[in-house]
Amino acid sequence: MTDRGLLIVLSGPSGVGKGTVRQAIFENDGTNFDYSISMTTRKKRVGETDGVDYFFRTKEEFETLIENGGLLEYAEYVGNYYGTPLAYVEETLASGKDVFLEIEVQGALQVREKMPEGVFIFLTPPDLVELKSRIIGRGTDEMAVIEERMEKAIEEIEMMRLYDYAVVNDQVENAVRNVKQIIESEHLRVSRVIHRYKKMIEEL
């Protein structure tokens, strides 16, 4: 029987660099898990590709999925929906493959309720001044939206207590190293491997 894969959830406030860290993790040699692409109703940013960065859907399409129970989690954030398709995650974990989610805080807390056995990592900025600078640096939002995102970010940082780990995104390579070390350690957790040894003993 194949061991169930590990669900890894990377989350944190808007502008902290979740997408950058996730991309660097998957470009890193030795990465051996699947990335579950999130779905959103927000408009594509310059350089983004449907089915690579996100599945971009209309509000109507997204709400149909919600009604049909087709999402592991979803959240409405600054006027747009974000969510994770359920079928892909379940099938991949059941096959023994790890699944990596990069999602918003609201969504991560929904996943925690449904799959508490997952590994929940909160990506934090070095400080709030740096966070605001990163959001402004995107050049994609008006100042009113930036202020709204900052207020939301402060609320989300207070939710850090509900996660398993906190990783500071000061330098991307440092954050990547720390996230990968957490995942490696979680694979060695006694609660995840003890069933193998119980089976060995039973077969003696």
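Values for this structure:
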read-out	value
Of all residues in the stretch 169-179 being over 12 Å from VAL119 (Cβ atoms) and not acidic (Asp, Glu), the one that is surrounded by the fewest Cβ atoms within 10 Å (Cβ to Cβ)	GLN171
Residue check, PHE56 open to solvent by less than 20 Å² (accessible area, probe 1.4 Å) and either among the aromatic types (Phe, Trp, Tyr) or in contact with an Asp or Glu (Cβ under 9 Å, 6 or more places away or on another chain) (or both)	no
Where a residue in the stretch 85-114 is farther than 17 Å from ILE37 by Cβ and its partner, wherever it lies, is modelled with pLDDT under 90 and surrounded by fewer than 15 Cβ atoms within 10 Å (Cβ to Cβ), with Cβ under 6 Å and at least six apart	GLY96/THR2; GLY96/ASP3
Count of the stretch 92-112 residues which are open to solvent by 60 Å² or more (accessible area, probe 1.4 Å) and modelled with pLDDT under 90	1
Scan of the stretch 26-53 for residues that are aliphatic (A, V, I, L, M) and exposed (fewer than 14 other Cβ atoms within 10 Å of the Cβ), ordered by number	VAL46, VAL52
Flag if GLU73 is out of contact with any strand residue (DSSP E or B) (no Cβ under 6 Å at 6 or more places or on another chain), among the charged types (D, E, K, R) and more than 24 Å from ARG189 (Cα to Cα)	no
Sole exception among (1) out of contact with any Leu (no Cβ under 7 Å at 6 or more places or on another chain); (2) part of a helix (DSSP H, G or I); (3) over 17 Å from PHE33 (Cα atoms); (4) open to solvent by 10 Å² or more (accessible area, probe 1.4 Å) for LEU131, by number	(4)
Number of the condition not met by GLN23 [criteria: (1) at pLDDT below 90; (2) open to solvent by 70 Å² or more (accessible area, probe 1.4 Å)]	(1)
The stretch 60-85: number of residues that are assigned to a strand (DSSP E or B), open to solvent by 20 Å² or more (accessible area, probe 1.4 Å) and under 28 Å from THR2 (Cα atoms)	1
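Yes/no per residue for (1) at pLDDT 90 or above; (2) open to solvent by 80 Å² or more (accessible area, probe 1.4 Å); (3) more than 14 Å from GLY12 (Cα to Cα):
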| position | (1), (2), (3) |
| --- | --- |
| ALA87 | no, no, yes |
| ASP141 | no, no, yes |
| GLU148 | no, yes, yes |
| GLU184 | yes, yes, yes |
| ARG192 | no, no, yes |
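The values are calculated or read from the model by the stated rules, or taken from the named source; none is laboratory data. What you see is a predicted model; the values in this text were computed from it and never measured. In this analysis, Cβ positions are derived from the backbone assuming ideal geometry, glycine residues included, and neighbour counts consider all displayed protein chains. We work out accessible area using only protein heavy atoms, side chains counted, and drop any ligands, DNA or RNA first. Shrake-Rupley method; radii C 1.70, N 1.55, O 1.52, S 1.80 Å.
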